[in-house]
Amino acid sequence: MGAYIIRRLLIGLVVLFFVTVILFILMNLMPGDPITAYIPPEVLAQAGPEYIEIRREQLGLNKPVVVRYFIWLNELVHGNMGYSVQNGEPVLSRIKERIGATFELTGTALLLAIIIGIPIGIISAVKQYSIVDSLVTLFSFTGVSIPVFFLGLGLIYVFSLRLNLLPTGGLATIGAPPSLLDKLSHLIMPAFVLSVANLAQFARYTRSSILDELGQDYVRTARAKGVKELRVLFYHILRNGMIPLITVIALQIPLLFGGAVITEQVFSWPGMGRLALEAIMQRDYPLLMGITTVIAILVLIANLLADILYAVVDPRIRYQ
Amino acid sequence: MMRDQNLLSVKNLRTYFYTEDGVVKAVDGVDFEIKKGETLGMVGESGCGKSVSALSIMRLIPMPPGRIVEGEIYFKGEDILKISEVAMRKIRGRDISMIFQEPMTSLNPVYTVGNQISEAITIHQGLNRKDSWDKAIEMLRQVGIPDASKRAKEYPHQMSGGMRQRVMIAMALSCNPELLIADEPTTSLDVTTQAQILDLIGKLQEEFKLSVLIITHNLGIVAEVADKVAVVYAGKVVEYAKTDEIFSHPLHPYTIGLLRSVPRLDMKKKDKLQTIEGEVPDSLTFPSGCKFHPRCFLCQEKCRTKEPPLIKAENGRLVRCWRYNEI
Amino acid sequence: MKKNGYLIKVENLKKYFPIRKGVFSRVSNYVRAVDGISFSIKKGETLGLVGESGCGKTTTGKCILRLIEPTEGKVIFKDKNVGDLSNEELHEMRRNMQIIFQDPYGSLNPRMTVRDIVGRSLSVYNLVQGEKQKEKRVGELLEVVGLKKEYMRRYPHEFSGGQRQRIGIARALALNPEFVVCDEPVSALDVSIQAQVINLLKELQEKFNLTYLFISHDLSVVRYISDKVAVMYLGKIVELANWDGIYSSPLHPYTQALLSATPIPDTRVRRERIILQGDVPSPINPPSGCRFHPRCPYAKPECSQSEPELKDVGRGHYVACHLVK
Amino acid sequence: MRKREDALLKRDNLTDAEDTSTKLNIFKSLKKSRTWRRFRRHKLALVGATFLLVLILIAIFAPLIAPYDPYAIDLSAYRNPPSYAHWLGTDTAGRDVLSRLIYASRVSLLVGLGAVSIYVIIGTILGAISGYYGGWVDHIIMRIADAVLCFPLFVIILVAVTIVGPSLYNIILALGVLWWPGISRIVRGEFLSLREREFVEAAKATGEHSISIIFRYILPNVVAPIIVAATFGMASAILAEAGLSFLGLGVQPPTPSWGNMLIDAQSLTILKSMPWLWIPPGAMILITVLSINFVGDGLRDAFDVRGRAE
């Protein structure tokens, strides 16, 4: 198993290399002078053109592309993602301010998708061709087909504007004393909206995975031993059926961040997604770059964790 | 009267599958009996319904699309098609056990083999975890797995095909069943491993006083292990007799054809293989009348239109052919 | 036909498949699938290659056609070393060497009609001018293997296993080869269909003067169709003799065990059965000395130390065993 | 490893398991050509296909069907509720909502077809090379694919669109160029298993060359999963365009797109009191995407495309 994990780690590093290459290319495609990414704007504003030229030379920005790439990479490794054009703050600190809210939202959404999606997938598979199954199938198709913003607007329309039950957006009620209930009431709608597509995916995937396992020979063996149907399902089938689901969940994480951009916009949720939109509106390229980098690295870490979890659950990998 | 001698008797079993292409009459009239300690060999080609018969006895036919539409299966005098699912579950693994063709896929890949054997013991004998684990190791030893206490902790993918089939046998016999159903138990194994497994089943059969239903397409295996043989063609038993009689004096044209078309080790160079013309029929489009008539060298008008019943021939032998006594 | 009388001669053929392991997928070891085998086949003869799964018999067949590149050794076909051929020469050579596969379902392309499956090679080698001529030839080929020529417009899924195998044979015959590797051609077929295909192969051999390498795990089938039989165990030939020698006087303990383990469908034949102990060892780390020694009932100390040579014991009977003098 | 690859494939190409009984031998003989019959049995797919057909006709004949010019500004008809004259009311600039809705179908279909055609070609070629040749070529292509998949596609498209500037064709191009990893994985997986099949060896033995084997022998066997994946991909592309346009980074007004018709609904007053401005375009996106997904599901059943190799 050790070799397996190290192997996955190395593959992760290779992928990371390509990730940075893609980012670097994007970086260079972006309009504007790359020097702005390395020097704080206030310094930039005061310095004369000679100083900038000197710094440019010092930073090696007039060197060949390959050298520039390594300079950029070196800065990145040291946490320098450049400086926000908007207010001159380092990109990293701007992201730090917002990342908590995004984690809160995406984490809750992922959790909702798992704890609701997987059980309904199981039920749907066990009751194949029943009314419940048809409903789940219909629901999951709708779930993957509905635009996030339309669902969000619809929920705001119903629950906030018509029924007056939930707030239309934000992290918490401004001015009110912080309470868990208030927080939850703000979180529930955006988290649900963000989770719907994943929830539907997980339900469909679980259903098909369980149905696949139901037809396997070992299930027949278990039944031939006299194992009760419930135990066949929860002891024999579930463990096998869930193994591929780990990968599926890990692969949904990037989509989750993507969905967060729209969800945060609809619900005025002050997370990284909205930050990204602000960056676009203001043409704040260093910031946009930083956000993309952080998300890509997070996704990479999630994939690695999934790979390790995989080995823990599946003896065929553990004893390779 | 019959009940006393027969551990299992299957009467007019019919199992159909209702598919989008039509009704597949996988088993369409299968009758046989197994006495205590006896071995019955069920021979037939792919799709003839032999595996479905076995699964019907275990009541493990996936429903839908399958359904046992007719027939009786008496096990120790009781029709097990009529008992509840709960009662049937107690019979499975305890009174009737089954082993399958693919020992790799038939074992759960994510649990150790010891774990899978002790599961059956826990269910039927109510032993605690440790005792059933010890019993599982004892069973592994009995089926000839060296270093049993260590190998019990291994996963199926760490074992060879022959070892896996031994694990399946250990699992099947762990609760002292009276009947073992072996569905092509050696088909996926090599010849020398096949010999080991058949030898093992034979030894354990004496030790455990087992009755065995062995399903195979290999006439050689039947000749070596079975006391009686049921030849199945297109969902029906076409001939049923003692093994010696089948091989020395086959009555049904299909049995005759099969025996003549198999190359044998003890053949002379000049001997020519005779063939059964035509194809194995598709279970959706069975021919009319006798199902074998399009390939039969004895076929007459009557065979084309009217299906023969299972006719009683001499020595209590049964044969499904209008013209068996003309051979 | 040639000066030595052999159509094909295999010398010290080896195929090692690398096993990649560890962090960097380094080659840590090799599967010694075929480990130095030699044999030759005369024109018009059939050599049966028999052994259990994993003994390297299929790999041997594919190495001869260079569908797999051999690691070492020579395959001399019509006085040319197949291993030395350039791509163009190999292309020409393949007109004369064909293969019939085991799996009648996997060996035919499900998206091609029978006409294309059988006729493609005719177009590749420009053996026919135009569609009309091609269809005529495909029709002839189908009739040769016992199928109706109208079938050429159909797709593989419309046929039964036995019919598909006939299509596979027609494809192999399309180029008029001299030599055909039959890789377990009947083992996936129903018992009653096997005999049809075996008889067809025999008929075609006589009709076209074909030379076969017949690979099978089933001794009964091999015995029926072969002039000579080679028994393989763990990548080596342990015994080679004419069809009768192998059966009437097997010399190698493995051959004896294999024979006794093969069931005969007749209750009147009673034999002493030899039950071998244990499993076939892994070809990754084959046992030292004679590869069969850990399972051999007659093993002596020398068997684990030195590897026996395949030696002639007279009348074209070869055996690799220290106990046979 | 095998299982992981399967899982990846399956995610890209969700499959329903067949009846458990497919394991039984007797069903092996039943694999007849029944693609069309199976598709017809899938009621939802038929409904979806019908809807899409109607939508395509509407898009083609939009000028004949739309009651008004979708660009005609009528300030006297400012945000009018539905009426006999304007069935779906008018928008902030007094334009007829129904006419804009009809014209917007062109955008969605164009994005769906355009983006998918581009990435199917890229993905198929890369996947085929990767799967057939294997080795280091495969490693590099797959690692790049992994890297692309690390980015939330939506975010990276946002970045791309900001660089090249938002427009219909840039969106199609961005989606098309960035979305190939999914399909190349599917194609690679199929090639990996098909190249080991005996019919490919047989083709080699009968003298076929690599190019011929790839295109003549293997590719036709991969068409079905590609079509299925492309159908689902079309649905995602339409959703992505709608999202971008909703954020103002997609198709730019005054060109109508279902996504940008919803921009105004971000104001709570419009959301609350003028549902005719946002429900119809939202519903159109939902119904269209749903229909395509149903058709995709129907095709998958019909072609019997399975994620897991047997």
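The values are calculated or read from the model by the stated rules, or taken from the named source; none is laboratory data. The structure displayed is predicted, hence computed values, not measured ones. Glycine also receives a Cβ, built like all others from the backbone with ideal geometry; neighbour counts cover every protein chain displayed. The accessibility values were calculated without ligands, DNA or RNA, using every heavy atom of the protein model including side chains. Shrake-Rupley method; radii C 1.70, N 1.55, O 1.52, S 1.80 Å.
What are the residues in segment A:61-76 that are at pLDDT below 75 and loosely packed, with under 15 Cβ neighbours inside 10 Å, if any? Within segment A:61-76, just A:N62 meets the criteria.
List the pairs whose first member sits in segment D:200-223 and is under 20 Å from C:G168 (Cα atoms), whose second member is β-branched (V, I, T) and open to solvent by 10 Å² or more (accessible area, probe 1.4 Å), and whose Cβ atoms are under 6 Å apart, counting only residues at least 6 apart or on separate chains? So the pair list comes out as D:G207/C:V124. Across segment C:93-128, the number of residues qualifying as polar (S, T, N, Q) and more than 7 Å from chain D (Cβ to nearest Cβ) comes to 5.
Here's the yes/no breakdown for (1) of a type in the set (S, T, Y); (2) over 22 Å from D:V222 (Cβ atoms):
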| residue | (1), (2) |
| --- | --- |
| D:I122 | no, no |
| D:A128 | no, no |
| D:Y133 | yes, no |
| D:I141 | no, no |
| D:P152 | no, yes |
| D:A160 | no, yes |
| D:P181 | no, no |
| D:G189 | no, no |
| D:L192 | no, no |
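How many of the residues making up segment B:116-153 are surrounded by fewer than 18 Cβ atoms within 10 Å (Cβ to Cβ) and in a loop (DSSP other than H, G, I, E, B)? Looking only at that region, the number is 6.
Within segment D:240-264, if we keep just the residues that are in contact with a Pro (Cβ under 9 Å, 6 or more places away or on another chain) and among the aliphatic types (A, V, I, L, M), the residue that is most open to solvent (accessible area, probe 1.4 Å) turns out to be D:I263.
Tell me, please, whether a residue that is surrounded by fewer than 22 Cβ atoms within 10 Å (Cβ to Cβ) and not in a helix (DSSP H, G or I) can be found in segment D:142-151. No, segment D:142-151 contains no residue that is surrounded by fewer than 22 Cβ atoms within 10 Å (Cβ to Cβ) and not in a helix (DSSP H, G or I).
In contact (Cβ under 8 Å) with a residue 24 or more places away in the chain, open to solvent by 40 Å² or more (accessible area, probe 1.4 Å) and either within 19 Å of B:M98 (Cβ to Cβ) or at the interface with another protein chain (Cβ under 7 Å from one of its Cβ atoms) (or both): does that describe A:R239? When the stated conditions are applied, A:R239 passes them.
Yes/no matrix, rows are residues, columns are (1) facing chain D (nearest Cβ under 9 Å); (2) within 19 Å of A:A203 (Cα to Cα):
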site	(1), (2)
A:V227	no, no
A:A250	no, yes
A:T263	no, no
A:F267	no, no
A:P270	no, no
A:I280	yes, no
A:G290	no, no
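Got at least one residue in segment A:102-124 being touching a residue at least 40 places away in the same chain (Cβ under 8 Å) and over 17 Å from A:N198 (Cβ atoms)? There is no residue in segment A:102-124 that is touching a residue at least 40 places away in the same chain (Cβ under 8 Å) and over 17 Å from A:N198 (Cβ atoms). Could you tell me whether B:P156 is closer than 26 Å to B:S53 by Cα and open to solvent by less than 10 Å² (accessible area, probe 1.4 Å)? The answer is no for B:P156. The residues in segment C:258-294 that are out of contact with any Asp or Glu (no Cβ under 9 Å at 6 or more places or on another chain), touching a residue at least 24 places away in the same chain (Cβ under 8 Å) and at the interface with chain B (Cβ under 8 Å from one of its Cβ atoms) can be counted, and the count is 1. Selection over segment A:194-209 of residues that are over 16 Å from A:I115 (Cα atoms) and buried (at least 24 other Cβ atoms within 10 Å of the Cβ) gives a count of 1. Run A:G107 past the list (1) within 25 Å of the chain's Cα centre (by Cα); (2) surrounded by 15 or more Cβ atoms within 10 Å (Cβ to Cβ); (3) more than 10 Å from chain D (Cβ to nearest Cβ) and report the number of the one that doesn't hold. Among (1) within 25 Å of the chain's Cα centre (by Cα); (2) surrounded by 15 or more Cβ atoms within 10 Å (Cβ to Cβ); (3) more than 10 Å from chain D (Cβ to nearest Cβ), A:G107 violates only (2). Report yes if some residue within segment B:275-287 is more than 14 Å from every other protein chain (Cβ to nearest Cβ) and more than 30 Å from B:E20 (Cβ to Cβ); otherwise report no. No, because not a single residue in segment B:275-287 is more than 14 Å from every other protein chain (Cβ to nearest Cβ) and more than 30 Å from B:E20 (Cβ to Cβ). Inspect all residues belonging to segment C:262-277 and state whether any of them is under 25 Å from the mean Cα position of the chain (by Cα) and of a type in the set (S, T, Y). Yes: one or more hits. Taken over segment C:228-249, the criterion of being in contact with a helix residue (DSSP H, G or I) (Cβ under 7 Å, 6 or more places away or on another chain) and at pLDDT below 90 is satisfied by C:W243, C:I246, C:Y247. The set of residues in segment D:285-299 that are within 10 Å of chain A (Cβ to nearest Cβ) and either aliphatic (A, V, I, L, M) or touching a His at 6+ places or on another chain (Cβ under 9 Å) (or both) comprises D:I285, D:L286, D:I287, D:V289, D:L290, D:I292, D:F294, D:D297. One residue stands out in segment C:222-250 among those that are free of Cβ contacts under 8 Å to residues at least 40 places away in the same chain and assigned to a helix (DSSP H, G or I): the one that is nearest to the chain's Cα centre (by Cα), namely C:Y224.
If you check C:P253, C:P177 for being open to solvent by less than 20 Å² (accessible area, probe 1.4 Å), within 12 Å of chain B (Cβ to nearest Cβ) and touching a residue at least 40 places away in the same chain (Cβ under 8 Å), only one passes: C:P253.
Conditions (1) modelled with pLDDT of 90 or more; (2) within 14 Å of chain C (Cβ to nearest Cβ), marked per residue:
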position: B:F32; (1), (2): yes, no
position: B:T39; (1), (2): yes, yes
position: B:E45; (1), (2): no, yes
position: B:V52; (1), (2): yes, no
position: B:S56; (1), (2): yes, no
position: B:G66; (1), (2): no, no
position: B:Y74; (1), (2): yes, no
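Close contacts from segment A:147-172, counting a first residue that is within 10 Å of chain D (Cβ to nearest Cβ) and more than 19 Å from A:A197 (Cβ to Cβ) and a second that is among the aliphatic types (A, V, I, L, M) and crowded, with 19+ Cβ neighbours inside 10 Å, with Cβ to Cβ under 7 Å and a gap of 6+ residues or different chains, come to A:Y157/D:L271; A:L161/D:L271; A:T168/A:I156. Here is a check on your reading of the model: is C:R273 of a type in the set (K, R) and under 28 Å from C:K15 (Cα atoms)? It is false that C:R273 is of a type in the set (K, R) and under 28 Å from C:K15 (Cα atoms).
Does B:I215 qualify as being hydrophobic (A, V, I, L, M, F, W, C), in contact with a helix residue (DSSP H, G or I) (Cβ under 8 Å, 6 or more places away or on another chain), open to solvent by less than 10 Å² (accessible area, probe 1.4 Å) and within 11 Å of another protein chain (Cβ to nearest Cβ)?
Taking the combined requirement at face value, the residue does not satisfy it.
Every condition in (1) closer than 26 Å to D:I285 by Cβ; (2) crowded, with 19+ Cβ neighbours inside 10 Å holds for D:L113 except the one numbered (2). Taken over segment B:286-310, the criterion of being of a type outside the set (D, E, K, R), free of Cβ contacts under 8 Å to residues at least 40 places away in the same chain and more than 14 Å from B:P253 (Cα to Cα) is satisfied by B:P287, B:S288, B:G289, B:T305, B:P309. Just one of the listed residues (A:L275, A:L298) is more than 21 Å from A:V126 (Cα to Cα), open to solvent by less than 40 Å² (accessible area, probe 1.4 Å) and more than 7 Å from every other protein chain (Cβ to nearest Cβ), and it is A:L275. Restricting to segment D:60-72, and then to whatever is aliphatic (A, V, I, L, M) and under 22 Å from D:A85 (Cα atoms), can you tell me which residue is least open to solvent (accessible area, probe 1.4 Å)? Taking the candidates together, the pick is D:A62.
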